[in-house]
Amino acid sequence: MGVVINQPLEISVAELFSNAGLATGKLLHPGHPVWFGGPVRQQHLFVLHDQNHKWDNTLQINDDLYLTTSADFLEALTEGREFGHYLLALGCAGWAPGQLEYEMSENSWVYAIADNKVIFNTQAENRWEAAASLANIDLTKMSYYSGKA
């Protein structure tokens, strides 16, 4: 599974929380955008964050990046607690068994290590290029057409 990180939705954290019946008065960043995480499970909220607080359902991605789906994280946000960087995404990307491996073998995807600077400190419109540069790819030299000779 994956989480899209470069497509902000037209809804803020405060609007999302209000629509879900959660308190918004103590949110530290109520105007931050919620992101489109992907076309799968769009009713689920996925949180990428850079500090491990031992939430109920957390997956460590690398030394300083985590993914959680824990309600206790959201409750802590409503209490006005600060957690470093985080990105709230509705939905995720998913693949059938073997599908991603096949698409990788067809060069449909480029692999790069997750980088917190790209995820949390790069403007959304620049994240694709910044992520490609982590794999030493210059997108200005890429063709928008593909095929096999």
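The values are calculated or read from the model by the stated rules, or taken from the named source; none is laboratory data. Every value quoted in this text rests on a predicted model; they were computed, and no experiment measured them. For neighbour counting, all protein chains shown are included, and Cβ atoms are generated from backbone atoms with ideal geometry for every residue, glycine included. Side chains are part of the model used for accessible areas, which takes the heavy atoms of the whole protein and leaves out ligands, DNA and RNA. Shrake-Rupley method; radii C 1.70, N 1.55, O 1.52, S 1.80 Å.
Report, by residue number, each residue of the stretch 47-81 that is farther than 19 Å from K117 by Cα, open to solvent by less than 30 Å² (accessible area, probe 1.4 Å) and among the hydrophobic types (A, V, I, L, M, F, W, C). Listed by number, the residues that qualify are W55, F73, A76, L77. For the stretch 36-46, residues that are out of contact with any helix residue (DSSP H, G or I) (no Cβ under 8 Å at 6 or more places or on another chain) and either without any contact (Cβ under 8 Å) to a residue 12 or more places away in the chain or open to solvent by less than 60 Å² (accessible area, probe 1.4 Å) (or both) total 5.
Annotation note: Cβ proximity below 7 Å between a residue of the stretch 115-139 that is free of Cβ contacts under 8 Å to residues at least 12 places away in the same chain and closer than 15 Å to L48 by Cα and a residue that is open to solvent by less than 40 Å² (accessible area, probe 1.4 Å) and not acidic (D, E) (sequence gap 6+ or interchain) occurs for T122/A130.
Selection of the stretch 82-98 for residues being open to solvent by less than 70 Å² (accessible area, probe 1.4 Å) and not hydrophobic (A, V, I, L, M, F, W, C) yields G84, Y86, G91, G94, G98.
The criterion of being open to solvent by 30 Å² or more (accessible area, probe 1.4 Å), within 30 Å of F17 (Cβ to Cβ), among the charged types (D, E, K, R) and in contact with a strand residue (DSSP E or B) (Cβ under 9 Å, 6 or more places away or on another chain) holds for D115.
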